[in-house]
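Presented below is the structure to which this report refers.
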Amino acid sequence: MRVVTVPHYLDDKALDAVAGGLGPWPPEERVLFDARATRWASPYGFTALLTAAQALRELGLEAPRLAVPEDDEVRSYWGKAGFFRHARELFELHGRVPRRPPAEASDVLLPVTPVRASEDVHAVVGGIQEHAARILTSELGLETAATMRFSMALSEACQNVVEHAGTGGWVAVHSFNWRVRLGRRVVVIAVSDAGVGFRQSLEAAEARKHGDRWGDATALEAALIHNVSRFRDPGRGQGLAAIKRYLDMWKGKISIRSGTARLAIVPAWDDDTPLEDGLPYFPGAQVQIVIPEQEREKREQGTGEGEGQGRGGRGNR
Amino acid sequence: MILTIRLGEVLRETLTVRSRDLLTRPTGAAVRSSIEEAIAATPCPTTLLDFEAVGLIDFSCADEVVAKLLRRTEADQYVVLLGLDDTQAEAIDHVLARQDLAVAALPRSGGGGCRVLGRTTPDLIQAFDALHALGEGNAERLAPRLGWTLERTADALHTLALHRLVLAAAGTYAPLPLQ
């Protein structure tokens, strides 16, 4: 049994530790994800954890085990975020799992939702618009057209799974107060799939141009920086270009992890490394979009804490 | 003669889920296919695509429905977009501009007159607006109004015609019919 300790705070950075814990891919032993001590997970964490299990199952390997968080409040939040609904089908769960489908938490704009086909994108976008409108304009102070633009960005992010992954994926959207990294409220879109990844998706069209440099990092650069698509059609490559355009307007951030690399377009408020290569391998592709509150001054309306995931969890967001 | 296609109705017939939104490439391709069938079956040279009952349109779907339609329709077929809201216009404008395409569009009621979305220049916009203000005319008629040389005016009108943004016949240009 390969035991992978899920970090206390499972976000985009902490996923590297999970990937490292998995070792060479695919793991030769059955995997146990130990999340007993986990205090908080971002939407990125939820979707990536499901992706890991999905990838293992699609390889025909035994269902991985997941030891669920011990803290009642954390476990309850994971239920409200829609994680257990799908985890039941992919993991062998160990520990007490909420039986009844819980009401969604107020900061969950979109619980973890599968994305497999075009119809799923319609359902995701159609279901989020009203809730998103309130959060984006009232709490984040974005322009009134932001709801439509946000929905378009969400649609394009989900379509990457349908168009390029070759298998299904997951999307989740949360709004929370990101105290440590930003000190403001944010909306975070996370989309993760267990598919072929950017390198393989673009290989036929791009690898020859890059020669020995071709790899996960160059593939991400081609897609995110140069809007390259595997299709020759001149209208392709618009999705990520459109997302970047809106994020530029909102001073937002996008990061994509695929295989062993992560590439981010980093706004002034963040000190993230734009490109990281040689990371531990993680299957598929993981996209995170962060849209921050637009005014630096804390507003009464925008500083309310979201529902917690444990007594110690909120301080480290 | 004009063919009007209400995209809200096409969407209802195309989608297996209930949605007012033009999202995703497969949806766009299916909607475009319906439009192309309708265009092929009509003798009307001008087709109005009515967006009034459409909610959101994303970039991929805008590419499938509008950009590909413009690239695939015959040179004697004209397309005008009707009833666009600002966000729909923004998405279509972005998608067309990247591909050197342009289309005439009329915003939803109260949103102003006909405008060009996509690849455009200040000269094209001025010539387009002048032609819409004056109605049918040639370069000689438009040049004084624009304060341009005859050559510059003729060049702008010719480019508008090449993009199928205006009707052209024997040196005379006219706005595309909207009703």
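A DSSP coil position with no more than 10 other Cβ atoms inside 10 Å describes the following trypsin sites (Lys or Arg not before Pro) in the stretch B:1-102: B:Arg18. Please say if the stretch B:2-118 is rounded, prolate or oblate, where rounded means a/c under 1.5 for a ≥ b ≥ c the square roots of the C-alpha gyration tensor eigenvalues, and otherwise the choice is prolate for a/b larger than b/c and oblate otherwise? Rounded shape, in that the Cα axes give a/c under 1.5.
Against chain B, whose longest principal axis is taken from its Cα atoms, helix B:122-134 shows a tilt of about 80°. Kindly identify the protein assembly as shown as rounded, prolate or oblate by the Cα gyration tensor criterion: order the square roots of the eigenvalues as a ≥ b ≥ c, call it rounded if a/c is under 1.5, otherwise compare a/b with b/c, prolate if a/b is larger, else oblate. It comes out prolate by the Cα gyration axes. I'd like the orientation of helix B:86-97 relative to chain B: the angle between its Cα long axis and the longest Cα principal axis, in ° from 0 to 90, rounded to 10. For B:86-97 against chain B, the angle is about 70 degrees. Evaluating 6.51 cos²θ - 1.76 cosθ + 1.60 at θ = phi - 60° for every residue in the stretch A:28-42, the Karplus couplings come out as 7, 9, 5, 9, 10, 8, 9, 10, 4, 9, 5, 9, 7, 9, 7 Hz, glycine and proline recorded as x.
Considering only the stretch A:2-301, what is the antiparallel percent among its DSSP beta bridges, to the nearest 5? Within the stretch A:2-301, antiparallel bridges account for around 75 percent of the total.
The H on the amide N of B:Tyr173, modeled in the peptide plane, is under 5 Å from the matching H of B:Gly137, B:Asn138, each at least 5 residues off or on a different chain. Using C-alpha pairs under 8 Å with a sequence gap of at least 6, the mean separation divided by the residue count of the stretch A:236-296 gives a relative contact order of 35 percent. Based on C-alpha pairs under 8 angstrom that are at least 6 apart in sequence, the stretch B:122-175 has a relative contact order of 42 percent.
Here is how the number arises for the protein assembly as shown: DSSP H runs of 4 or more residues each give -39500 (n - 2.57), the sum is divided by the residue count, and the result at 222 nm is -11000 deg cm²/dmol.
Coordinate-derived values only; no laboratory data. Note that the structure is a prediction, hence the values are computed from the model and not measured. Quick reminder, even Gly has a Cβ in these numbers, built from the backbone with ideal geometry, and neighbours come from all protein chains shown.
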